[in-house]
Amino acid sequence: MKNTEQLNNSLRFISDLNPSVSTVCFGLYFRVGSVNENENNCGISHLTEHMFFRRLNHMKNKELYYRMESIGGAIRGCTTRLYVFFELTVLSEYARAAFDLMNQFLCRFSWTEEEVDAERQIVLNEMAVVGNSTDALNAALTGDPSFLLSVKGTPDSLYEITAADVNAWKNRYFNCGNGCFIVTGNIGDADLSDMKRMLQAHEAAPVLPRVEIMPPTAFHRSAEEYLFCDGDKNFADVYIFFDLDLREIDWVTAMIIFDAFCNGDGSKLSFAMKEEQGIVYAVNSEIREYGSYGSLMISWCVLDEDLIESIELFFALLGEFKEGISAEELASSILFSTSNMKKYRDIPKELNGMYGYYDYIVDIPVSVEESAAMRDTVTARGINEAAAKIFDRKNMFVEVDFNREHVDVETVRKLFVQ
């Protein structure tokens, strides 16, 4: 059963134990990412994440790697726009040793200039090999310029970051007041109590305010915001977003609507576009959460010659869906977000990530048991009322990229503004 508490030093602590599985997963989340940065220090969160693997407290990288691998695990680190997380999954018999490693991330220590210089080169090599992108689409959707900053930074910004900058960033954001420690899987109550006591011994820190992303025009969009971009290929990319108020529409209801209308090959939109009409290879869909604000994204790629047909089909199917979810559509989607949630309790790593992201980063608490129980309380009427609120033109933001030599832009525009 999930348990959430705030320790005296401000560290959030979440546990969900399951003695029937063979592994335990430890996760540590910090609310910091490129949304906290600017052009001068962009990439500092990602560089700081790397530094923990250069030296974790008193353990240099070689010793850290040896200790991880000797217990059959590897700490995974990741930096995103909203957060940084570290995660380690091991067999339950190595839980103590794994915790000892994860516990070091909260210790007070500093890195030297030589260590930062060495890791900076690793990041620069990473950028050269795998690239370094920004997210112009989300910047346009949200109006937030931080999406135009690369998570990894730029060569210019990285060379400006000193060891003093990295250590100050670590002290400000990688602490108990800005962190959440999560334990999921098979671990005994006595071990859990000892771990909580050791976590409690770390230095207290004030709770930092969460960065809130709320588009200035969310829930009152106008056609003037829509983007119709000129391409030079013979195909078009369509992106349609709907604003989501995640305080008003609960997560399970939003997911049922998502699954029924656009998520997966059997959904109403995907089945019609791909299987019945054969005009797209796939419909891509995603719910993105930025806190209390979220968006439901639907996209597809289509030949320019089929662009108009695909958009007309989208609105026709959306109109049908808004008239009321069918019994078949509800039956085919309800299990994914209710009873099926129980499967997460059998996969500690998945459960850990779900709690870290939803409970802590975007502040939308989720519960396996509560979600599963909604299987018997969700009604078609409730789904229909929520769908009507979501799929409203006032919530819609659009970007369409296509070749204007093949398709007239005004024809496309009229389909969205009529």
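Listing for the model above:
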read-out: Residues (crowded, with 21+ Cβ neighbours inside 10 Å and farther than 30 Å from T134 by Cα) located in segment 65-85; value: G73
read-out: Qualifying position, being surrounded by 15 or more Cβ atoms within 10 Å (Cβ to Cβ), outside the structural domain of P19 (by TED's automatic domain parsing), among the charged types (D, E, K, R) and over 21 Å from the mean Cα position of the chain (by Cα), among D408, D359, D401; value: D401
read-out: Meets criteria (without any contact (Cβ under 8 Å) to a residue 40 or more places away in the chain and under 21 Å from L91 (Cα atoms)) for D189; value: no
read-out: Checklist (1) free of Cβ contacts under 8 Å to residues at least 60 places away in the same chain; (2) more than 24 Å from I361 (Cβ to Cβ) applied to T154, failing item; value: (1)
read-out: Strands (runs of 3 or more DSSP E) (entirely within segment 23-93) containing at least 3 residues that are of a type in the set (F, W, Y) and closer than 24 Å to L158 by Cβ; value: none
read-out: Whichever residue in segment 13-64 is surrounded by 19 or more Cβ atoms within 10 Å (Cβ to Cβ) and of a type in the set (G, A, S) and, among such residues, is nearest to G353 (Cα to Cα); value: G27
read-out: Residue that is within 20 Å of the chain's Cα centre (by Cα) and farther than 30 Å from P145 by Cα, where the choices are L88, L56; value: L88
read-out: Selected residue (only one of T48, T134, T79, T112 is over 30 Å from S20 (Cα atoms), modelled with pLDDT under 95 and polar (S, T, N, Q)); value: T134
read-out: Looking only at segment 239-257, and only at residues there that are crowded, with 22+ Cβ neighbours inside 10 Å and more than 18 Å from the chain's Cα centre (by Cα), the one that is farthest from L307 (Cα to Cα); value: I256
read-out: Which numbered condition R120 misses (of (1) part of a loop (DSSP other than H, G, I, E, B); (2) surrounded by 15 or more Cβ atoms within 10 Å (Cβ to Cβ)); value: (1)
read-out: Test for L307: is it modelled with pLDDT of 95 or more, over 20 Å from the mean Cα position of the chain (by Cα) and either in the same structural domain as I256 (by TED's automatic domain parsing) or surrounded by 15 or more Cβ atoms within 10 Å (Cβ to Cβ) (or both); value: yes
read-out: Filtered residue count, segment 89-142, keeping only those that are more than 30 Å from D194 (Cα to Cα) and not aliphatic (A, V, I, L, M); value: 17
read-out: Conditions (1) in contact with a Lys or Arg (Cβ under 8 Å, 6 or more places away or on another chain); (2) surrounded by 13 or more Cβ atoms within 10 Å (Cβ to Cβ): number failed by D265; value: (2)
read-out: Failed item in (1) in a loop (DSSP other than H, G, I, E, B); (2) in contact with a Gly (Cβ under 7 Å, 6 or more places away or on another chain); (3) closer than 30 Å to C301 by Cβ, with D401 passing the rest; value: (1)
read-out: Residue list for segment 361-389, filter: closer than 27 Å to Y83 by Cα and assigned to a helix (DSSP H, G or I); value: I361, V368, E369, E370, S371
read-out: For A201: the one exception among (1) surrounded by 15 or more Cβ atoms within 10 Å (Cβ to Cβ); (2) at pLDDT 95 or above; (3) farther than 30 Å from E369 by Cβ; (4) not charged (D, E, K, R); value: (1)
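Yes/no per residue for (1) in a helix (DSSP H, G or I); (2) not hydrophobic (A, V, I, L, M, F, W, C):
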position	(1), (2)
G264	no, yes
S285	no, yes
R288	no, yes
M297	no, no
E309	yes, yes
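The values are calculated or read from the model by the stated rules, or taken from the named source; none is laboratory data. Computed from a predicted model, the values in this text were never measured in an experiment. Note that we place each Cβ from the backbone using ideal geometry, even for glycine, and neighbour counts take in every protein chain shown.
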